[in-house]
There are 2 protein chains.
Amino acid sequence: MSEPRTPEPALSVQGDSPTSTRDEDAADGTQHSQRMLNFSDALLSIIATVMILPVTHTEISPEQFDKSIQKLLATRIAVYLMTFLIVTVAWAAHTRLFQVVGKIDDTLALLNLACMMTITFLPYTFSLMMAFPEVPLGIFLFCVCVIAIGAVQALIVVYAFSFPHLLNPQVGCAAPRGLCRQHILRIVLRGPALCFLAAGFSLFFYPVSYVLMATVIFLPYVNKAASWCRDRLLGPQESPAHSMEFFTFNLQEPLSKERVEAFSDGVYAIVATLLILDICEDNVPDAKDVEERFHGSLVAALSVYGPHFLAYFGSFATVGLLWFAHHSLFLHVRKATQSMGLLNTLSLAFVGGLPLAYQQTSAFARQPRDELESVRVSCAIIFFASIFQFAMWTAALLHEAETLQPPARFGGREHAFMFAKLALYPCASLLAFASTCFLSRFSTAIFHLMQIAVPFAFLLLRLLVRLALALLRALRGLARPAQGVEEAPQAPLLPAPC
Amino acid sequence: MSEPRTPEPALSVQGDSPTSTRDEDAADGTQHSQRMLNFSDALLSIIATVMILPVTHTEISPEQFDKSIQKLLATRIAVYLMTFLIVTVAWAAHTRLFQVVGKIDDTLALLNLACMMTITFLPYTFSLMMAFPEVPLGIFLFCVCVIAIGAVQALIVVYAFSFPHLLNPQVGCAAPRGLCRQHILRIVLRGPALCFLAAGFSLFFYPVSYVLMATVIFLPYVNKAASWCRDRLLGPQESPAHSMEFFTFNLQEPLSKERVEAFSDGVYAIVATLLILDICEDNVPDAKDVEERFHGSLVAALSVYGPHFLAYFGSFATVGLLWFAHHSLFLHVRKATQSMGLLNTLSLAFVGGLPLAYQQTSAFARQPRDELESVRVSCAIIFFASIFQFAMWTAALLHEAETLQPPARFGGREHAFMFAKLALYPCASLLAFASTCFLSRFSTAIFHLMQIAVPFAFLLLRLLVRLALALLRALRGLARPAQGVEEAPQAPLLPAPC
């Protein structure tokens, strides 16, 4: 439905004249921006995860896993992680921008397409920069890309402010509109200005360029992390410039929940299908090959690819279930905050690494020692992807009155289920990792067991949680006469029997 | 916002207690299905377009473009088109299913993930079947896949009907619930039952299997096309089984507009980025290579890839603008019908072919004769992709009272703009195609000119349309004394001056 996208949650009711609001919009040429934002989110999430492909496609034969391959692999992983962060920064800037610009018209839609085109080119310039760290051209192109993005975004701001009906009326800007525009333009153009300097420096002394670019990329994250820590230590502080609070890096600033969901959905969807892309392309055996090597037996030819299929199903199931946990969590989220967005990004960055882990698992399937390594890497990636989801929930619980629906809060009916859902993958992967240390011979078996067991655990989760709660209650009932007082603060954790 | 997805358009208003409806849902463990459906749409659209990759990655050197390569390319294109249709049939079945099942719970979400996993495997089994048309194994695997999908969908139906609060209350089923369930199950299991037969026949006489499978895949399309033609010729007919009309292949049956949008967005997004996936992976020059072949000059090394970048920008701009036209059209669509869905599928299938066209354009950049061929193929693909969009609009206009918002109907303010927007690409590509026939030497120049001119034409569209209308009106004013009567029926086409 093309309802207005606003930072405030909207209630949807069935009306008998559903077209009235849309006709009014159509009359002055404006449109709701929801679908354009969904499309942008899909594009950006694909671009964010694209650099995992060079990593997964690195040719590694178990015989010659030497230094140069290791270095190449490490570089590519670094490129992937950095690209993910860079695109996420661009996505966050885009989200902030379209929280201010509430409606669009044709010109804004076309400007947004231009912005997307420039952003999709970022990963390439970045990997060029990494491949040739000492050649100014890579740095220069990357900076030009950032400047182009900034220029298009500035155009969008200027255009939207000259047609005020495009602005989101719910973004309260107490200051005059001219001041607001200046404030937003300054934030939008801060990064490009630094990159302009960096591009200049790249021509005669490139190390300075790297410092400047690192500032552009990491400043928002460092800012967020630092102010989160400060908030934790000193308690939330009043913003000094109260009138401008809608466009700061304040951690309690609401982040559009729908856009976080759409971006995450895109990442999960592309990651879940990355392996099938490879399988469809590479694993259809050649007719001549089957005739010569397998004496015409297609079954024999396919059984060579067996580990690939297993890896695909494992990868899909894990990504799907991590999506399921994310989906369950966001069902109970009322408002997303910047700190949750940061943790979500970190979780997604590890989710994007899953195809790598699984491909390694299938590639090394015959070398016991390397297999152990790659099973451990897989467990670690799953652990980090899921633990950051858990951290996101913890961050939400810290401000539960604003961020969570009542059932998921402390003492709510769904609290214990939510806890169990989000804790399942961290526990399972940790357990699998630990058991590979003791039973290193059976590491593949353990890993596959985990892959099979976890989906069933999700299916039986409600039953298991109820059993566990009943057990806990029974134990507490027995123990109450002895230690009733100490347990009292934990009581709200337990939901009423359902 | 997690509002209910219903076939009826909903009006969204700002409420002061936005959480009330969601809390009620959370209390009985049900959830709105919107986000799950968005995720499914993203997955399915990626899977639908994945088989274009083997086509674009077919190694063609201009020297040895012989019969075997041509045959391989033709097979792969056929596989792509067929896969697209098959996945779209699966998507349509999924859409129909979740128009009946209005809400989900955890079990349904997990069942849906299982369904997605099976569907993502369809393209692989299909390409296996095409590569080894005479080996029963490929047919067998494909049928097993279809049966597995049917089984999971049947499970979803049975589960949803045993918890009636999960069903969509707006789907009016006058018959008792048991009959409804039977009716739906029969439709869901019809395809899998035929495939079960086909799997059986594949073991001893495989041609019958192909006939059966073709029935499964094409029946819905043939049905739709036939009844559309009948409706056009004889006028719309009353459905005999009126109580069951919500789950038929009736062409006027509403199709969830949001799901059509979400699926289309996914296809456009993945197609727009398919080329950048390749560029990021293949076109970062090797450091050693730059040293040896280009004497350390990165600029020289990159200039080799020049045509690839040009192809990328061209492809992105075309896909982006086709998305823009689609987006503009659906802004004015009130309700999508099955016939519009069919035309949309055809348009999207050609959109998916765009990366192929552009890659060919860049690969043949040095061979004048082949270049001409590939420019023509590109023009043809763009033409078909855009003409089916135009046809979709025409189909909507045939029932404009139900399907379109007032401004886009005949005589509405946006009608002429809409016409111009949708006619721009068909005209431009046709013009480019025609001019390559006369000026075959400059075909690349013409093609690039088109790529550059069309975005500007979109920007200036409103201005151009107004100019054209004013001109037309002036001409008519002059001509009125002579032929005023004949022009009268066309008068509503012209909007009031804005």
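Miscellaneous remarks
- Sorted shortest first, the distances from the B:SER68 label point to those of the same residue in the other copies are 3.2 nm; each point sits 7 Å from Cα along Cα-to-Cβ.
- Beyond 18 Å, the tail of the calculated P(r) for the range B:295-364 holds 55 percent of the Cα pairs.
- Which listed pairs, of A:LYS288/B:LYS288; A:LYS103/B:LYS335; A:LYS103/A:LYS257; A:LYS71/A:LYS288, have C-alpha distances above 26 Å, in listed order: A:LYS288/B:LYS288; A:LYS71/A:LYS288
- Note that the range A:59-199 presents 40 Å² accessible area per residue, ligands and nucleic acids not counted, probe 1.4 Å.
- Look at the stretch A:40-49: the mean tally of other chain Cβ atoms within 10 Å of its residues' Cβ atoms is 5.
- Fraction of accessible area attributable to carbon and sulfur, the range B:43-127 (%, probe 1.4 Å): 65
- Cα-based Kirkwood hydrodynamic radius, the range A:112-180, one decimal, Å: 14.2
- Measure of compaction for the range B:410-460 (Cα Rg per 2.2 N^0.38 Å): 1.37
- According to the calculation over all Cα-Cα pairs in the range B:26-227, the P(r) per 10 Å bin from zero is 8, 31, 32, 19, 8, 2, 0 %.
- Seen from a random direction on average, the alpha-carbon convex hull of the range A:257-475 projects onto 14.1 square nanometres.
- Base-10 log of normalised Debye intensity for the range B:392-484 (one unit scatterer per alpha-carbon) at q = 0.11, 0.21, 0.26 Å⁻¹: -0.49, -1.04, -1.17
- Between the C-alpha center of the range A:276-304 and that of the range A:307-340 there is a gap of 32 Å.
- Average partner coverage of A:111-117, which counts Cβ from other chains inside 10 Å: 4
- Normalised per residue, the accessible area of the range B:257-475 is 38 Å², obtained with a 1.4 Å probe and no contribution from ligands, DNA or RNA.
- Accessible area that becomes buried as A packs against B, both chains, 1.4 Å probe, Å², nearest 100: 9400
- Chymotrypsin sites (Phe, Trp or Tyr not before Pro) restricted to DSSP loop in the range B:135-210 with at most 12 other C-beta within 10 Å: B:PHE204, B:PHE205
- Part-to-part distance (alpha-carbon centres) for the range B:61-132 and the range B:409-462, which is given in Å: 32
The values are calculated or read from the model by the stated rules, or taken from the named source; none is laboratory data. All of these numbers come straight from a predicted model, not from anything done at the bench. Using ideal geometry, Cβ is built from the backbone for each residue, glycine included, and neighbour counts are taken over all protein chains shown. Surface accessibility is based on the protein's heavy atoms, side chains included, excluding ligands, DNA and RNA. Shrake-Rupley method; radii C 1.70, N 1.55, O 1.52, S 1.80 Å.
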